[in-house]
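The values are calculated or read from the model by the stated rules, or taken from the named source; none is laboratory data. Just so we're clear, the structure is a prediction, and the values are computed from it rather than from any experiment. Here the Cβ positions follow ideal geometry from the backbone for every residue, glycine too, while neighbour counts run over all protein chains shown. Heads up: the accessible areas ignore ligands, DNA and RNA and are worked out on the full protein's heavy atoms, side chains in. Shrake-Rupley method; radii C 1.70, N 1.55, O 1.52, S 1.80 Å.
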Amino acid sequence: MPGMGATCYYTAIPQSFISGVAAFGVTSSIAPFVRPMPHDRAPPAVATAAAVRMTPTERRATAGLAGIFGLRMLGMFIVLPVLALYAETLPGGRDHTLIGLALGAYGLTQAVLQVPFGWASDRWGRKPVIVAGLAVFALGSFIAAWAPTILWTIVGRTVQGAGAISAAVIALTADLTRDTVRSRAMAAIGMTIG
């Protein structure tokens, strides 16, 4: 059909398309109508950045921070399936509002304190803030494990949320990795969440 162009969406060489079409008995009379499309060109040089590997220091930092983040998340959320059932055995645990508060206190406190922890990590350094946040989280975990009543469980979960180190961990990851591998480091940390 005159005026209709054809292109190969699977190869970068229009001639490959013509020879492939000829295999099906179509003559090469369409050759004048085959024109390369913008996506048929070789990929830009930016694509070579994917070949850049992480240095051993970047791999170690990524693995360590992903481990910190992942273990914190595991310790935090492993109790969620049984917390509502366990809370009913505690004094005051029959109140569904208090159980909901015990479940949500962590997230609420963490959401409120993410920005202040980020500011603190900018001012005093990432590592001291991460260590302090993990210590606060551990204290909250001990309080929640010891809790004789549902109210103490809420206090423990609130203190756990006060150890909001997510922003500091992500910022430290950005500090310790180059731009070309940063997305891989962030993905490794993100895998520990989901």
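Side notes on the structure shown:
- For region 141-180, residues that are among the hydroxyl-bearing types (Ser, Thr, Tyr), open to solvent by 30 Å² or more (accessible area, probe 1.4 Å) and closer than 15 Å to Leu113 by Cβ total 1.
- Pick from region 127-140, criterion surrounded by 15 or more Cβ atoms within 10 Å (Cβ to Cβ) and either among the hydrophobic types (A, V, I, L, M, F, W, C) or modelled with pLDDT under 90 (or both), ranking: nearest to the chain's Cα centre (by Cα): Ile130
- The set of residues from region 96-115 being more than 15 Å from Val159 (Cβ to Cβ), among the β-branched types (Val, Ile, Thr) and buried (at least 17 other Cβ atoms within 10 Å of the Cβ) comprises just one member, Ile99.
- Within region 54-82, no residue satisfies the criterion of being over 18 Å from Ile170 (Cα atoms) and touching a Leu at 6+ places or on another chain (Cβ under 6 Å).
- Which numbered condition Thr89 misses (of (1) closer than 15 Å to Thr158 by Cβ; (2) of a type in the set (S, T, N, Q); (3) open to solvent by 50 Å² or more (accessible area, probe 1.4 Å)): (1)
- Residue match in region 167-180 (condition: out of contact with any strand residue (DSSP E or B) (no Cβ under 8 Å at 6 or more places or on another chain), without any contact (Cβ under 8 Å) to a residue 40 or more places away in the chain and either of a type outside the set (A, V, I, L, M) or at positive phi (or both)): yes
- Among the residues of region 147-168, those identified as modelled with pLDDT of 90 or more and not small (Gly, Ala, Ser) are Pro148, Thr149, Ile150, Leu151, Trp152, Thr153, Ile154, Val155, Arg157, Thr158, Val159, Gln160.
- In region 40-54, of all residues being of a type outside the set (Gly, Ala, Ser) and in contact with a Ser or Thr (Cβ under 9 Å, 6 or more places away or on another chain), the one that is modelled with the highest pLDDT corresponds to Met54.
- Within region 181-194, considering residues that are touching a residue at least 24 places away in the same chain (Cβ under 8 Å) and part of a helix (DSSP H, G or I), the one most open to solvent (accessible area, probe 1.4 Å): Met191
- Meets criteria (assigned to a helix (DSSP H, G or I) and either in contact with a Phe, Trp or Tyr (Cβ under 9 Å, 6 or more places away or on another chain) or at pLDDT 90 or above (or both)) for Ala84: no
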